[in-house]
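Notes to accompany the following structure.
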Amino acid sequence: MTFVRYVSETAILRMVDDYEQTGTRVGFKQGWKLGWSRRAFRMWVIDLIISLPAILFVLLIIGVGVLFFFSVESGSNGLAFGGTVAAIGCAFLFIFAFIILMIFLGLLRQFFVREAALEDAGVGESFSRGWAMFKRNWKSAALMWLVMLGIGIGFGIGVMLLFFLLIPVYLITGLAGLIVAAIPGLVAFGVTSLFASGPLTWIIAILVALPFFFLVLFSPLFLISGWYNIYESSVWTLTYREIKALETLTPVEATL
């Protein structure tokens, strides 16, 4: 899924950019060729680096939890109560700071990945050039983020309503999901039965089949979500192009 995700995202970015430059629309095959490049791998590396704060945050939470555990085990009731209050306060503080940090990094990512996908920049160059563009145009970027946040909230509400409206459709997609999930489930059951027996074989088969079942069951929602993701990506690509175009314009001197 990661492989398909980054090749597809690179293809979408380049297809929108090429269409804006040349006005030429390409099909799936040509678009996949645009995504099948080192640019997709660079985008994956960029996301890996951006995710490092999340990894550090989890490790920090684990460390605080360990310290809290030992303070409760070895301390008095008063110390345990104080440790509990301190741990809860630190947890809320860390979570709030983490949310702000990830929102900021998510905004910067819009520039980083487009430097890699559209300008064929390396990973380090994508970070430096993307950060420089963001610093010069942070007001426009923040305004666009607020606009997309409002649209995203409206889309989320619409998806929640659509989830209940599609209940009759789930009867059909659920039946199709059972048929599709039965194939990998039976394969997993057959392979597992070679070295295990009893309930374990059924548990593994069910765990293998469930993702396929839910994928088909909620396929209408996944399709609509995919359309929205393409729309959001295209908006940010056009924003990137407009910002870049405005930066290349030279001011015209006023004449009397």
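The values are calculated or read from the model by the stated rules, or taken from the named source; none is laboratory data. Computed from a predicted structure; not experimentally measured. Cβ sites come from the backbone with ideal geometry, for glycine too, and all protein chains shown count toward neighbours.
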Inset, instruction - Would you check if there is a residue in segment 121-128 being outside any helix (DSSP H, G or I), modelled with pLDDT under 95 and in the same structural domain as residue 10 (by TED's automatic domain parsing)? - result: yes
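Residues are listed down the side, and each one gets a yes or a no for (1) among the hydrophobic types (A, V, I, L, M, F, W, C); (2) surrounded by 15 or more Cβ atoms within 10 Å (Cβ to Cβ); (3) under 30 Å from residue 11 (Cα atoms):
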| site | (1), (2), (3) |
| --- | --- |
| 183 | yes, no, no |
| 188 | yes, yes, no |
| 191 | yes, no, no |
| 195 | yes, no, no |
| 198 | no, no, no |
| 202 | yes, no, no |
| 215 | yes, no, yes |
| 232 | no, yes, yes |
Inset, instruction - Considering each of 189, 195 in turn, give the residue that is free of Cβ contacts under 8 Å to residues at least 60 places away in the same chain, outside any helix (DSSP H, G or I) and over 29 Å from the mean Cα position of the chain (by Cα). - result: 195
Inset, instruction - Residue by residue through segment 5-48, note down the ones that are under 19 Å from the mean Cα position of the chain (by Cα) and without any contact (Cβ under 8 Å) to a residue 12 or more places away in the chain. - result: 5, 48
Legend entry - Members of segment 25-37 found to be loosely packed, with under 13 Cβ neighbours inside 10 Å and under 12 Å from residue 6 (Cα atoms), listed by number: 36
Inset, instruction - Give just the number: which of (1) closer than 21 Å to residue 217 by Cβ; (2) not in a helix (DSSP H, G or I) does residue 163 not satisfy? - result: (2)
Inset, instruction - Could you tell me whether any residue of segment 38-56 is modelled with pLDDT of 85 or more, surrounded by 17 or more Cβ atoms within 10 Å (Cβ to Cβ) and polar (S, T, N, Q)? - result: no
Legend entry - Residue that is nearest to the chain's Cα centre (by Cα) [pool: residues in segment 200-223 that are touching a residue at least 40 places away in the same chain (Cβ under 8 Å) and within 15 Å of residue 179 (Cβ to Cβ)]: 219
